[in-house]
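One structure below.
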Amino acid sequence: MATTVVVQATKRQEFGKNSNRRLRVSGKIPAVIYGRGMEPVPVTVNPRDVSKILHSDTGRNTIFKLDIDGSSKDVLIRDYQLDPIRDSLVHADFQAIAMDQTMVFQVPVEAVGDAKGVKASGGTLDLVMRTIEVECLPGDVPQSVTLEVGELEIGDSVRVRQLKVDESKIKILSDPDLVVLTVSAPVAEEAPPAPAEGETAEPEVIKKGKGEEEEAQKE
């Protein structure tokens with residue numbers, strides 16, 4: 001995975017709610033860089049740069065360079081916060097990484113093809129696990145783990161242990177017995193129950209209004 005994306009950052013000198021509010025008004029957001037053997041570094045970044053990374057194909061697994069006042073670090077987005085009303089970024093946490101040290105990543109599972117049980121029999125493919133946990137070097141993180149589903153029939157399922165990865169580079173940490181996806185039978189619509197022998201459907205009872213009841217009593 002190439003580290004071609006560069007995000008500009010500046011060390012923060014002011015802290016607190018008022019400072020953060022002024023920062024967001026100016027078009028920036030507060031962020032913190034964490035890393036093994038280093039003190040946390042508070043910085044400011046442009047939220048649009050972070051948002052582009054989050055919406056890229058590799059998402060939070062994207063390795064990019066954070067340029068902090070002329071000094072760069074390889075980082076990942078480890079966490080972020082959104083404004084609950086505007087759905088805009090208000091804070092981000094970055095993790096500094098070493099390209100020669102393994103890390104744990106959440107990698108998406110992608111179903112490829114049209115399952116026979118869906119295409120021919122009208123079944124439903126249910127992706128139970130959308131991500132799996134893997135351990136590898138940062139440069140070896142796959143964009144996704146693909147699973148060919150073309151031969152799956154109704155009732156078939158695939159477990160973690162059946163997923164294919166380059167085992168020389170990637171170790172799957174998720175429980176091997178967990179079900180990743182299943183192909184379920186189509187759900188038949190239930191018909192209303194037929195009346196039992198000798199029974200007839202009850203006629204609909206129409207309630208009379210108060211005026212109608214009084215007239216009926218006078219007759």
Length gained if Asp67 through Gln143 is fully extended, taking 0.36 nm per residue and subtracting the Cα-Cα distance, is 24.9 nm
Length gained, Thr124-Ile85, 0.36 nm per residue minus C-alpha separation, equals 10.5 nm
Once amide hydrogens are built 1.01 Å from N within the peptide plane, the residues lying 5 or more places from Tyr80 or on another chain with amide H under 5 Å from its amide H are Asp93
Going from the fewest other Cβ atoms within 10 Å to the most, one would list Phe105, Phe64 as Phe105, Phe64
Under the 7 Å Cα-to-Cβ spin-label approximation, Asp100 and His55 lie apart by a distance in nanometres of 3.8 nm
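How big, on average over all directions, is the shadow cast by the Cα convex hull of the stretch 6-96, in nm²?
Computed as one quarter of the Cα hull surface, the answer is 5.9 nm².
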Here the FRET efficiency for Asn46 versus Arg159, based on Cβ atoms and R0 = 45 Å and rounded to 0.05, is 0.60
Computed for the stretch 103-184: size of charge dipole around the Cα centre, +1 on C-beta of each Lys and Arg, -1 on C-beta of each Asp and Glu, debye to nearest 20, value 60 debye
Cβ density ranking, 10 Å radius, fewest first, applied to Tyr80, Tyr34 yields Tyr34, Tyr80
Label model pair Lys11, Asp175: point-to-point distance (7 angstrom along the Cα→beta-carbon line) in nm is 4.7 nm
Fraction of alpha-carbon pairs in the stretch 103-184 farther than 23 Å apart, rounded to whole percent, equals 23 percent
Phi-derived 3J(HN,Hα) across the stretch 97-113 with the Karplus relation (6.51, -1.76, 1.60, θ = phi - 60°), rounded Hz, x for Gly and Pro, is 10, 10, 5, 9, 10, 5, 9, 9, 10, 9, 10, x, 9, 10, 7, 10, x
One finds the C-alpha centres of the stretch 3-77 and the stretch 129-155 to be spaced, in Å, by 29 Å
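Among Glu14, Glu39, rank each residue by its count of other Cβ atoms within 10 Å, from fewest to most, as a rough exposure measure. Working shown, then result.
Details: Glu14 12, Glu39 7.
If I rank by nearby Cβ atoms, fewest first, I get Glu39, Glu14.
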Phi angles of the stretch 20-32, converted by Karplus (6.51 cos²θ - 1.76 cosθ + 1.60, θ = phi - 60°) into ³J(HN,Hα) in whole Hz with x for Gly and Pro, give 5, 5, 5, 5, 5, 4, 7, x, 10, 9, x, 8, 9
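Each reported figure results from applying straightforward, stated rules to the coordinates on display, with no laboratory input. If you're wondering where the values come from, they're calculated on a predicted model, not measured in any experiment. Here the Cβ is made from the backbone with ideal geometry for all residues, glycine too, and neighbour counts use every protein chain on show.
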